Amino acid sequence: MYPQEDNKFKKSCPPFNWYIFLSFIFSQTETTKIKENSHTKWRWLPPIMNHAWPTHPFQGPSCQDKRPNLSEIINHGVPKELCQKVLAVVTEFFQLPPEERAQYLTKNHSKQVKVFNYYQKYDGIGKVTMWSETFSHPWHPTEDFTHLLPTNPPQYREVFAEYARAIGVLFDRLLSLISRGLGLDKDCLKRRIGEKPGLNTQANYYPACPDPELTMGMPDHNDLGSIAVLLQVEGVTGLQVIKDGKWLTVDPVPDAFVINLADQTQVLSNGKFKSVGHRAITNKLLPRLSLGMFYTPNNDTVIGLVEDLIDEENPPEYRKYSFKEYMEEFYKQEGKRRRVKEAFELQR
Ligand code: OGA
Ligand code: NI
């Protein structure tokens, strides 16, 4: 549940040492708020940005590029009204009485439909719950899980199914553009991620927080799958990406999706495209909602290098692994700043 509705959280918050500790952590990482008119200096807008429909192969920034490896796309083909409708219905879900959302509350990762709270473990302090609530469920194939979705708000199932269909089309496009950007055939990445990908959504609700300096909305992480498509409400900032040790705030661009490359894309591309470290901070005055759609291999998929990307100058950076192994490593690092793909790096 939201931190401010959680009595346990209220009682334990904020002990004095917790305050000092968090102030210390956050003073270590400079939070840079980018000014309104300086977006283009750092926001990486790939060529697909300005097309009526993304058609250009995706070109990642080079290693020397100062821009973070994250992009925002507009003209993506998902109708604006549909995006607004899905944000509205998900917001309504988070505004239901806590007892109603509590039926989905679980710590069991294997549950298909779940509400949970992110947390981070700090040495000497223990678990610190993030200032957010997440609702997660699959987005495809709908017949497998729709009956598990909320019936309140009443339009949830219908709106979500329509949104999922549109996002499915977008993912196909993105996967093929990324493949072509790597010089591969357009179906290569999709094939490598496997015929039955794990398609999951995560709605993250960040209530307004009286003192954002003292908490986090979502801890620093890299997404685990191949690509994430994130929709966020307009006018409230929260998402930040790290670049050269500095946190940069990603202001929501109207009608845009944030596209995050995740760990499996970095591994499959042998490091040509980087998965980006990101986090969410909280906002003092306004609640914020983001809706992430993820395209992830299933457990049986073997993630191995694409031979066409390997040569003398580009020796393999990662060993082959099954996605199940990756997930085991992922859960092993629970509560810490995860470095999962690093466990599969080959020593040079
Ligand atoms: C995520 C995520 C960031 C945000 O769901 O993986 O990084 O802005 N969300 O809510
Ligand atoms: Ni993420």
Which numbered condition Pro54 fails, given (1) buried (at least 18 other Cβ atoms within 10 Å of the Cβ); (2) at pLDDT 85 or above; (3) farther than 30 Å from Glu334 by Cα:
(2)
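Can you go through Val241, Val250, Val236 and tell me which one is within 25 Å of Ala166 (Cα to Cα), modelled with pLDDT under 90 and within 11 Å of ligand 1 (Cβ to nearest atom)?
Details: Val241 fails: within 25 Å of Ala166 (Cα to Cα); Val236 fails: modelled with pLDDT under 90.
That would be Val250, the only listed residue that is within 25 Å of Ala166 (Cα to Cα), modelled with pLDDT under 90 and within 11 Å of ligand 1 (Cβ to nearest atom).
So, Lys274, is that one outside any strand (DSSP E or B), in contact with a Pro (Cβ under 9 Å, 6 or more places away or on another chain) and away from ligand 1 (no atom under 16 Å from the Cβ) or not? Quick ask: steps written out before the conclusion?
Details: outside any strand (DSSP E or B): yes; in contact with a Pro (Cβ under 9 Å, 6 or more places away or on another chain): yes; away from ligand 1 (no atom under 16 Å from the Cβ): no.
When the stated conditions are applied, Lys274 does not pass them.
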Whichever residue in the range 79-128 is small (Gly, Ala, Ser) and outside any loop (DSSP other than H, G, I, E, B) and, among such residues, is farthest from Gly292 (Cα to Cα)
Gly126
Here the qualifying pairs (Cβ atoms under 8 Å; residues six or more apart or on different chains; first in the range 128-151 and open to solvent by 40 Å² or more (accessible area, probe 1.4 Å); second part of a loop (DSSP other than H, G, I, E, B)) come out as Thr129/Asp6; Thr129/Asn117; Thr129/Tyr118; Leu148/Gln112; Leu148/Val113
When the residues of the range 278-294 are narrowed to those that are open to solvent by 10 Å² or more (accessible area, probe 1.4 Å) and of a type in the set (A, V, I, L, M), which ends up farthest from Ile227 (Cα to Cα)?
Leu285
List pairs: first in the range 316-327 and in a strand (DSSP E or B), second open to solvent by 70 Å² or more (accessible area, probe 1.4 Å), Cβ under 9 Å, 6+ apart or cross-chain?
Tyr318/Glu345; Tyr318/Leu346; Tyr321/Val302; Ser322/Asn299; Ser322/Asp300; Ser322/Val302
Under 8 Å by Cβ, and 6 or more places apart or on different chains, what pairs join a residue from the range 166-177 that is farther than 13 Å from Arg191 by Cα with one that is of a type in the set (Gly, Ala, Ser) and open to solvent by 10 Å² or more (accessible area, probe 1.4 Å)?
Ala166/Gly77; Val169/Gly77; Leu170/Gly77; Arg173/Gly77
Tell me, yes or no, whether the range 170-180 has at least one residue that is aliphatic (A, V, I, L, M) and within 20 Å of Lys85 (Cα to Cα).
yes
Considering only residues that are open to solvent by less than 30 Å² (accessible area, probe 1.4 Å) and of a type in the set (A, V, I, L, M, F, W, C), which ones fall in the range 209-229?
Cys209, Leu214, Met216, Met218, Ile227, Ala228, Val229
Unique residue being open to solvent by 100 Å² or more (accessible area, probe 1.4 Å) and at negative phi when the list is Glu342, Glu312:
Glu312
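The values are calculated or read from the model by the stated rules, or taken from the named source; none is laboratory data. Everything numeric in this text was worked out from a predicted model, so none of it was measured. FYI the Cβ positions are ideal-geometry reconstructions off the backbone, even for glycines, and counts take in every protein chain you see. The area values use the complete protein model at the heavy-atom level, side chains included, leaving out ligands, DNA and RNA. Shrake-Rupley method; radii C 1.70, N 1.55, O 1.52, S 1.80 Å.
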